[in-house]
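Only one structure is covered here, and it is reproduced in the block below.
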Amino acid sequence: MSVWRTLAALLLVASAVPCVSAESAAPAPKAPKYVIHWVLAHEPAGVFARAAHEFGRLVNKESNGDIVVKVIHVAKFGNRGYVSPRYAMHAVETGRYEMTQDYTTALGHASHPLWVLDMPYLFRDHAHAAKVLDGPIGRQLLAGLPPSMKGLAFTYSGGYRILPTLSREIHTPADVKGLRVRTAPTPVAEATLRALGAVPVPADITDINKLVKEGKIDGGESTLARYADGQGSALPIINVTKHSLFLTAVIVNTKFYDSLPKRDQEAVDRAADQMAHDERTDTIQANIDEEKSARSKGETVVTLTPQEQAEFVQAVQPVYKEFTPRFHGLVQRIEQTR
């Protein structure tokens, strides 16, 4: 288990935890000038809590104690302990909460260009993704959000997608044909599965195990980190297809952000950038560790060979033909980023 996961598990004991620490011998910290309420709108909460608490630690330091973060745990929202990504986005837009970390698939409903990030096999590797997400293209995508919310940085919260299945190993596109697969309810994600011959079942990622139990799906997109935390674990065959990246973004209520002095705005920006970098680095390692762990426990883990992946890349070309014109040059700019 990674250091961040252990930290997140300890911090989730409370439903609203200020992200500030103090040594017992040190003087009492000064009263903060600003409080950021960060709503954890997703499960497994540990995947998102680590980012929220790390941001809180960093922004408190960067602002010299002016800002503290209180993490609002999903348990606050009833027995299910879950609120939808769309709710989280709306809560930040309206100022009910100041910040959250939300799926780019959900944010894409407010700004369609974000769906370009769902294009299959778009990124050559993690270094390529970082150059895109942290560079001019990433800033352009975040700037395209509605004026009521400001995008600060891109995070992984899962990284490369896998395709766990109930009874079929996936080595070629032919192995996907006919499978009912839970996917994000976005045009690109659904088109990708159709190009592979699957039947897309748009649903929230948290519903994978329930849909398996109800006999409604044969597979479901997830990530290794989420699979290890239980999402998709009802599907015992882990197919590491890496067909796209599962991405999230940190967003803040614009009115709140604009109310901060410039020095504290800069503190928020620096903390978000550093947290995003750390979170993505940790997620990459966590996925490596989780795959090793699954193999050591005798679980079925299928990894595509370069030749097999090439077959998948070829199979999804119709998605590029359909969507590249809709993204007005973004696909080409991402592919050309070096």
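Where a number appears in this text, it was derived from the coordinates with a stated rule and is not lab data. Just so it is clear, the model here is predicted, and its values are computed rather than measured. Reconstructed Cβ throughout: ideal geometry from the backbone, glycine too, with neighbour counts over all protein chains shown.
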The simple spin-label model distance between Lys255 and Lys216, using points 7 Å out along Cα→Cβ, in nm, is 3.6 nm
Which of these, Arg180, Arg50, Arg96, has the largest mean-square fluctuation under a Gaussian network model of the chain (Cα springs below 10 Å)? Arg96
Expressed in angstrom and rounded, the centroid-to-centroid distance over alpha carbons for region 141-208 and region 282-327 is 12 Å
Region 207-319 - Rg over Rh from alpha carbon coordinates, Kirkwood radius: 1.10
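Report the full-extension gain for the segment Glu311 to Lys292: residue separation times 0.36 nm, less the Cα-Cα distance, to one decimal in nm. Mind dumping the intermediate values first?
On the way: separation 19, 0.36 × 19 = 6.84 nm, distance 2.53 nm.
Result: 4.3 nm gained on full extension.
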Just one of [x] 58, 46, 42; [y] 59, 48, 39; [z] 64, 45, 34 is Cα extents along the principal axes in Å as worked out from the coordinates here. Which one is it? [z]
Listed residues Gln265, Gln101, Gln314; largest mean-square fluctuation, Gaussian network over the chain with Cα springs below 10 Å, found at Gln314
Any idea how far apart Gln336 and Ala31 come out in nm if each label point goes 7 Å out from Cα toward Cβ? 5.5 nm
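Taking the Cα centre of the chain as origin, sum charge times position over the Cβ atoms of Lys and Arg (+1) and Asp and Glu (-1), and report the length of that vector in debye to the nearest 20. Don't skip to the answer; put the middle values down first.
On the way: 38 positive and 36 negative charges, 81 e Å.
Roughly 400 debye for the chain.
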